[in-house]
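Participant: Structure provided below as structure tokens; questions to follow.
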Amino acid sequence: MAVTVDSHHHFWDTTRGVFDYYWMTDDLAAIKGVRAPEHLRPWLQMKGIDRTVVVQTIPSVPETELFLETAAATDFVAGIVGWVDLVDPAVGETLARLQARPDGKYLAGIRHQVHDEADAEWLLRPEVQRGVSEVGKAGLTYDVLVRSRELPCGLATVQAHPDMRFVVDHIAKPNIKESEIEPWASRMRPLADYPNVWVKVSGMITEADWNRWEPEDLVPYVSRLLEWFGPKRLMFGSDWPVCELAGTYDRVYDAAVFALGDLGADERAAIFGGNAVEAYLLSVTD
């Protein structure tokens, strides 16, 4: 039976003051607190999810190290997408050190909160591009966390690194609340021309109206992604627990199923598992 994968979720503990969750402002108070494997497990069991990918939440190597420890201690975590300082001249050494750890095999990818940078072209800075190249040399996937504003730089990055694997997070966060298709569509569509790019069908309900969204609101975006990328390059991600701002885990899962529409068994298995395994080179055997 095919393995199922949630390709995008987080863990955190805001109560201890160890990490600075700078983005978790007062309007996000509902998701503050502790979110740990024991809190996610019941949802995974409810929806039949076998494995997951934990994704970084802050620019912190210590958080990445903590997630590696968590992955090694948690039976359902198949990999993590961590953070390293892409502009650090020693970034390659940092990646090598992380991969050499006893739990280093769980490092599947790297991500930076590009959409939080004031410079819309931050990703194209030479020192950043050198860092992205080091991620590729380490055999890791790079997660592209952008909005429409930064999508052209995401495209240029993909073009500059044809031998790397890229995953676009949260369908690049279009303004679903206002039903805006452009400029998202025009900037997203060219990425489909590159077979080394996958897209996470994730993070959508928090870009919609938190209190009034319906699964139908997601269809104009997901249907385009299916047309452009096909079912072999899309993957389901819950974005739990950020999703709790707008809906529970099961609502996110069910909304994704609805928005994806009629799929064959093989297509569904790919989107809800196989594509994440391929994009992140996950080991999912017991």
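Computed from the coordinates by the stated procedures, all read-outs in this text should not be read as laboratory data. All values derive from a computational prediction rather than experimental measurement. We place every Cβ from the backbone using ideal geometry, glycine too, and count neighbours over all the protein chains shown.
Participant: State, in angstrom, two size descriptors of the range 21-71 derived from its alpha carbons: Rg to one decimal place and Dmax to the nearest whole number.
Facilitator: According to the Cα coordinates of the range 21-71, Rg and Dmax are 13.0, 34 Å.
Participant: Something else now. With each label point set 7 Å from Cα along the Cα-Cβ vector, what nm distance links residue 19 and residue 61?
Facilitator: Each label point lies 7 Å from its Cα, and together they span 1.6 nm.
Participant: Still on this structure: When we measure straight from the Cα of residue 232, which aspartates and glutamates land under 18 angstrom away, once same-chain ones fewer than 8 places off are left out?
Facilitator: Partners within reach: 6, 143, 169, 193, 262, 266, 267, 278.
Participant: Identify which of 165, 233, 189 has the largest mean-square fluctuation in a Gaussian network model of the chain, with springs joining Cα atoms closer than 10 Å.
Facilitator: Between 165, 233, 189, it is 189 that shows the largest mean-square fluctuation.
Participant: Continuing with this model, one more query. How large, in Å, is the range 200-286 by the Kirkwood hydrodynamic radius built from its alpha-carbon pairs?
Facilitator: Numbers: mean 1/r = 0.0749 Å⁻¹.
Value: 13.4 Å, from the Cα pair sum.
Participant: Shifting gears a bit: Just list whichever of 47/200; 177/200; 137/173 have alpha carbons separated by over 24 Å in the model shown. Intermediate values should be presented prior to the final figure.
Facilitator: Details: 47/200 18 Å; 177/200 19 Å; 137/173 28 Å.
Violating the 24 Å Cα-Cα cut-off are 137/173.
Participant: Additional query: Once you charge only the Cβ atoms, +1 for Lys and Arg and -1 for Asp and Glu, what is the size of the charge dipole of the chain about its Cα centre, to the nearest 20 debye? Before the final figure, lay out the partial values.
Facilitator: Values: 27 positive and 44 negative charges, 94 e Å.
The dipole of the chain has a size of about 460 debye.
Participant: Take residue 46 and residue 119, extend 7 Å from each Cα along the Cα→Cβ direction, and tell me the distance between the two endpoints in nm.
Facilitator: Each label point is offset 7 Å from its Cα along the Cβ direction, giving 4.4 nm.
Participant: Please work out the ratio of the alpha-carbon Rg of the range 5-280 to 2.2 N^0.38 Å and round it to two decimals.
Facilitator: On the way: Rg = 17.4 Å, N = 276, 2.2 N^0.38 = 18.6 Å.
The range 5-280 yields a ratio of 0.93.
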